[in-house]
Amino acid sequence: MGFLSDSFRTACSMIASGDRDVYTAVWTSLRIAVGSVLLASLVGIPAGLRMGLRDFPGKRLAVIVLNSLMAVPTVALGLVLYGLLSRAGPLGGLGLLFTPTAILIGQSCLAAPIVANYTLAAIKGADRRILPTAMTLGAGPMQCILVLMREVRFGMMAAVIAGFGRVVSEVGVAMMLGGNIRWYTRTMTTAIALETSKGEFAYGLALGIILLAISFSVNVVFSFLQESPSR
């Protein structure tokens, strides 16, 4: 218990003192995670809406593939993207490997299927009378979609938050595509893995505390937004 208590005090001291290594990793993680979720939402929400509103050939197969992509191993995805972005790969000329942009691309690929699947589930769970009623009242196609999105907004918010939770705690893609470069591509999770393996438990604990606080805060905000309309 002495080891844990001492480490916890040291971790709290690092957080309170604004340790550069700690907060650089935090900022890098948040910046990449938010960017990844925004990019994933731009792809995943329209994809989920289309799959939920329209029937098309191969839709059942598309849903199966989407469900499978939610559970794709991050290391496997990182390996594929590493091959694409490495100098010998087809996209090597862009020089993206071991940059924050590479991590953003990889994490967007992880989050997009989650956002799309949650959006699809929200559309399926919506009242089927919403669109016919809106059309009866004279709404155009785009207006109908906007009405439906308003009705399922909490499901879509849950999709975005689930995507954020996926990427902010991700290790494999961030390690393989970012290279864990200090003050550049080192995120909270890669820093925790590295420093703990070096015996710097207090440093890893400090980042772990911040990571838990961020995850908890995001869920609190989401719960507040869900309850606010009924107040």
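Laboratory data are not the source of any read-out in this text; all were calculated from the coordinates shown. Since the structure is predicted, the reported quantities are computational estimates derived from the model, not experimental observations. Reconstructed Cβ throughout: ideal geometry from the backbone, glycine too, with neighbour counts over all protein chains shown.
Is there any pair with a first residue in segment 121-133 that is assigned to a helix (DSSP H, G or I) and a second that is loosely packed, with under 13 Cβ neighbours inside 10 Å whose Cβ atoms are under 9 Å apart and which are 6 or more apart or on different chains, and what are they?
133/127
Quick check, is residue 210 of a type in the set (Val, Ile, Thr), surrounded by 13 or more Cβ atoms within 10 Å (Cβ to Cβ), free of Cβ contacts under 8 Å to residues at least 40 places away in the same chain and closer than 22 Å to residue 16 by Cβ? Steps first, answer last, please.
Values: of a type in the set (Val, Ile, Thr): yes; surrounded by 13 or more Cβ atoms within 10 Å (Cβ to Cβ): yes; free of Cβ contacts under 8 Å to residues at least 40 places away in the same chain: no; closer than 22 Å to residue 16 by Cβ: yes.
Here the answer is no, as residue 210 does not meet what is asked.
Any idea which of 147, 167 is under 21 Å from the mean Cα position of the chain (by Cα) and among the β-branched types (Val, Ile, Thr)? Steps first, answer last, please.
Numbers: 147 fails: under 21 Å from the mean Cα position of the chain (by Cα).
Within the list 147, 167, the selection yields 167.
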